[in-house]
Amino acid sequence: MAIVLYYHPFSRAANAVWMLEEVGVEYELRWVDIMAGGQKSPELLALNPMGKLPTLTDGEIVITESAAIALYLGDRYAAGRLAPALDDPLRGTYLRWAFFTPSVMEPAAAARTSGGEFNVRAVGWGNYDDMLAATESALAKGPYLLGERFSMVDAVFGGTLRYFLMFKMIDPKPAITEYVARLEARPAFQRSSARNAALMAEHGLKH
């Protein structure tokens with residue numbers, strides 16, 4: 001099996017399982033015991049010097065960072081279906097919100113949660129309120145970020161919003177909660193949830 005996802009359910013790799021299920025390719029989950037520091041093993045550090053999950057290999061190709069994994073899988077295995085073609089006018093919107101997620105959403109929410117103070121003119125993510133307004137604007141035309149069309153960017157953007165809601169890192173605005181609920185109803189998401197739950201049970205983990 002060519003695709004291997006280095007995995008633990010208490011990491012962003014759990015969301016990458018959803019990405020793989022959406023694409024519909026065969027893959028192997030290789031368990032990494034992050035509780036015992038397995039993410040810093042020589043094997044994983046050779047692939048990802050950050051020693052973090054998710055890390056995905058596809059043959060000799062190594063991809064890290066959740067957004068990069070989603071874009072790679074979409075382009076490689078679902079081009080034109082889950083990833084707009086290079087000449088598709090929606091390609092710009094697709095890339096825009098894929099990169100907005102880790103570069104603006106995550107740091108703005110984390111800064112607010114931690115109480116960190118930043119000069120909004122000096123950091124790339126601005127502030128929480130502006131991030132929230134931009135997030136709601138992205139969802140305004142729904143039901144997905146590309147309108148009627150689900151794409152891999154929804155797995156990045158929506159997976160992050162789902163995490164924020166779980167840990168109360170974002171205000172549960174109706175547009176956000178309804179969007180996340182639509183994503184959770186998808187068959188591929190349901191399959192990934194079942195697989196994550198089964199592996200948690202197998203390794204004696206609880207939510």
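Tell me the helices (runs of 4 or more DSSP H) entirely within the stretch 121-207 that contain at least 3 residues that are more than 19 Å from W97 (Cβ to Cβ).
Ranges flagged: 187-202.
Against the numbered list (1) part of a helix (DSSP H, G or I); (2) in contact with a Lys or Arg (Cβ under 9 Å, 6 or more places away or on another chain); (3) farther than 19 Å from W18 by Cβ, G92 comes up short only at (2). Condition first: without any contact (Cβ under 8 Å) to a residue 40 or more places away in the chain and either in the same structural domain as M35 (by TED's automatic domain parsing) or surrounded by fewer than 19 Cβ atoms within 10 Å (Cβ to Cβ) (or both). Now tell me which residues in the stretch 155-166 satisfy that. Those that are without any contact (Cβ under 8 Å) to a residue 40 or more places away in the chain and either in the same structural domain as M35 (by TED's automatic domain parsing) or surrounded by fewer than 19 Cβ atoms within 10 Å (Cβ to Cβ) (or both): L165, M166.
Every condition in (1) surrounded by 15 or more Cβ atoms within 10 Å (Cβ to Cβ); (2) touching a residue at least 40 places away in the same chain (Cβ under 8 Å); (3) outside the structural domain of F10 (by TED's automatic domain parsing) is met by A110 except one, and the failing one is (1).
Checking the condition assigned to a loop (DSSP other than H, G, I, E, B) and either over 30 Å from M131 (Cα atoms) or not β-branched (V, I, T) (or both), which residue from R30, R81 passes?
Numbers: R30 fails: assigned to a loop (DSSP other than H, G, I, E, B).
The conditions single out R81.
Of everything in the stretch 145-183 that is in contact with a Gly (Cβ under 9 Å, 6 or more places away or on another chain) and of a type in the set (D, E, K, R), the residue that is nearest to W18 (Cα to Cα) is R182. Under the condition of being of a type in the set (S, T, N, Q), in contact with a Leu (Cβ under 9 Å, 6 or more places away or on another chain) and free of Cβ contacts under 8 Å to residues at least 40 places away in the same chain, which residue from the stretch 28-67 is nearest to M200 (Cα to Cα)? The residue in question is Q39. If a residue has to be in contact with a strand residue (DSSP E or B) (Cβ under 7 Å, 6 or more places away or on another chain), among the β-branched types (V, I, T) and buried (at least 19 other Cβ atoms within 10 Å of the Cβ) to count, how many in the stretch 18-58 make the cut? Residues flagged as in contact with a strand residue (DSSP E or B) (Cβ under 7 Å, 6 or more places away or on another chain), among the β-branched types (V, I, T) and buried (at least 19 other Cβ atoms within 10 Å of the Cβ) within the stretch 18-58 amount to 2.
Can you find a residue in the stretch 114-129 that is of a type in the set (K, R), at pLDDT below 95 and either over 29 Å from V23 (Cα atoms) or not assigned by TED's automatic domain parsing to the domain that holds L95 (or both)? I'd like the intermediate steps shown before the answer.
Taking the stretch 114-129 as the starting set, the residues that turn out to be of a type in the set (K, R) are 121.
Filter once more, so that each one left must be at pLDDT below 95: 121.
So of that shortlist, the ones also either over 29 Å from V23 (Cα atoms) or not assigned by TED's automatic domain parsing to the domain that holds L95 (or both) come out as 121.
Yes, the conditions are met somewhere in the stretch 114-129.
From the list A70, A13, A2, A85, exactly one residue is without any contact (Cβ under 8 Å) to a residue 24 or more places away in the chain and either out of contact with any Asp or Glu (no Cβ under 8 Å at 6 or more places or on another chain) or not aromatic (F, W, Y) (or both). Which is it? Answer to the selection: A85.
A search for C-beta distances below 7 Å between a residue of the stretch 117-138 that is over 23 Å from R162 (Cα atoms) and any residue that is modelled with pLDDT under 95, counting only pairs 6+ apart in sequence or on different chains, returns F118/A111; V120/G126; V120/N127.
The values are calculated or read from the model by the stated rules, or taken from the named source; none is laboratory data. Computed from a prediction, not measured in an experiment: that's the story for all the values here. Cβ coordinates were reconstructed from backbone atoms using ideal geometry, including for glycine residues, and neighbour counts include every protein chain displayed.
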